[in-house]
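Beneath this line is the structure, given in structure tokens, with notes to follow.
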Amino acid sequence: MRLRNIPGAREEMLVNPFIVQDPERLRGCWRAEFGNQNPLRIEIGMGKGQFLLTLAQQNPDVNYVGIEKYSSVLIRALARQEELKLQNLRLIRYDAETIDELFAEGEVDRIYLNFSDPWPKDRHAKRRLTSDRFLARYARILAPEGRVEFKTDNVDLFDFSLESAENCGWTLSEVTRDLHNSPAAEGNVMTEYEERFSALGNPICRLVATPPRQ
Ligand code: SAM
């Protein structure tokens with residue numbers, strides 16, 4: 001069965017208490033939603049949630065929001081959250097095209113992008129989650145010391161992302177084309193796609209980028 005066709009997934013998203021409904025209402029109020037002043041970190045395109053659920057368990061003093069476009073994928077993360085009931089994690093079904101309607105200026109401490117869809121055709125470049133359009137949105141919602149952390153095995157997407165970040169005035173750091181054989185391997189939490197692609201022998205690329213100061 002294709003994941004997109006899981007019956008009832010969309011309906012489940014509308015009633016499940018672990019899915020934030022109408023998330024735009026929490027714009028600027030996320031710390032109140034969690035009931036603390038802890039940093040807020042988000043993953044865009046969380047898929048089935050292995051990465052963010054692990055981080056949320058490891059770091060109870062950090063708040064996490066997982067964002068995923070498709071109910072049929074998010075439902076897998078939801079099933080795990082129903083077991084774990086992590087208080088520092090919220091899940092949202094949402095298209096990141098309008099991510100800055102979910103978070104106020106400076107509200108987010110860190111954005112994780114893991115194995116984002118590559119959109120290989122030039123005419124679709126704007127859809128890549130590291131294109132200039134998305135970086136402009138991230139720059140608005142990130143705190144002054146905030147950062148984007150991006151991992152992929154797709155070299156073309158990685159090169160595009162480095163160029164896009166530089167062209168938009170972002171500062172790059174911790175750039176590696178072989179994460180698993182770099183100092184950053186220690187403490188690295190693997191995503192589902194990361195496990196799959198590294199098992200095939202693909203090196204994993206990673207970068208950290210901080211937005212230009214306003
Ligand atoms: N991050 C996970 C991992 O590393 O295992 C999943 C990677 S999967 C290749 C990319 C995910 O991003 C898919 O689940 C897709 O639905 C989601 N996605 C793509 N574009 C998105 C968007 N604009 N907003 C939210 N999610 C998106």
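The values are calculated or read from the model by the stated rules, or taken from the named source; none is laboratory data. Values in this document were obtained by computation on a predicted structure and should not be read as measured data. Neighbour counts are summed over all protein chains in view; Cβ atoms, including those assigned to glycine, are modelled from backbone coordinates with ideal geometry.
Odds and ends about this structure:
- Selection of first residues in segment 12-31 that are closer than 16 Å to Tyr94 by Cβ and of second residues that are crowded, with 20+ Cβ neighbours inside 10 Å and among the hydroxyl-bearing types (Ser, Thr, Tyr), restricted to Cβ pairs under 6 Å at least 6 apart or on distinct chains, gives the following pairs, ordered by first then second residue: Met13/Ser71.
- Cβ-Cβ distances below 7 Å connect the following pairs, each with a first residue in segment 83-98 that is in contact (Cβ under 8 Å) with a residue 12 or more places away in the chain, a second residue that is away from the ligand (no atom under 16 Å from the Cβ) and of a type in the set (Val, Ile, Thr), and a separation of six or more residues or different chains: Asn88/Val62.
- Leu55 in a helix (DSSP H, G or I) and either in contact (Cβ under 8 Å) with a residue 24 or more places away in the chain or in contact with a Lys or Arg (Cβ under 6 Å, 6 or more places away or on another chain) (or both): yes
- Phe158 within 23 Å of Val73 (Cα to Cα) and within 17 Å of the chain's Cα centre (by Cα): no
- Pairs, first at negative phi in segment 109-121, second surrounded by 17 or more Cβ atoms within 10 Å (Cβ to Cβ) and among the hydroxyl-bearing types (Ser, Thr, Tyr), C-beta under 8 Å, six or more apart: Ile111/Tyr138; Leu113/Thr130; Asn114/Thr152; Asn114/Thr191; Asn114/Tyr193; Ser116/Thr130; Ser116/Thr152; Pro118/Thr152
- Checking each residue in segment 156-183 for being within 16 Å of the ligand (Cβ to nearest atom), of a type outside the set (Ser, Thr, Tyr) and touching a strand residue (DSSP E or B) at 6+ places or on another chain (Cβ under 8 Å) picks out Phe158, Leu179.
- From Ile44, Ile111, residue being at pLDDT 95 or above and within 17 Å of Glu194 (Cα to Cα): Ile44
- Segment 15-37: number of residues that are modelled with pLDDT of 95 or more, in contact with a helix residue (DSSP H, G or I) (Cβ under 7 Å, 6 or more places away or on another chain) and among the hydrophobic types (A, V, I, L, M, F, W, C): 1
- Filter result (part of a loop (DSSP other than H, G, I, E, B), without any contact (Cβ under 8 Å) to a residue 24 or more places away in the chain and farther than 18 Å from Glu43 by Cβ) within segment 183-213: Glu186, Leu200, Gly201
- Qualifying residues in segment 71-119 (those that are aromatic (Phe, Trp, Tyr) and surrounded by 19 or more Cβ atoms within 10 Å (Cβ to Cβ)) - the one farthest from the ligand (Cβ to nearest atom): Phe103
Yes/no per residue for (1) part of a strand (DSSP E or B); (2) among the charged types (D, E, K, R); (3) touching a helix residue (DSSP H, G or I) at 6+ places or on another chain (Cβ under 9 Å):
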position: Leu91; (1), (2), (3): yes, no, yes
position: Ile99; (1), (2), (3): no, no, yes
position: Ser116; (1), (2), (3): no, no, yes
position: Arg133; (1), (2), (3): no, yes, yes
position: Arg140; (1), (2), (3): no, yes, yes
position: Ala143; (1), (2), (3): yes, no, no
position: Arg147; (1), (2), (3): yes, yes, no
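- Filter result for the condition that a residue is among the aliphatic types (A, V, I, L, M) and in contact with a Pro (Cβ under 9 Å, 6 or more places away or on another chain), over Ile19, Ile67: Ile67
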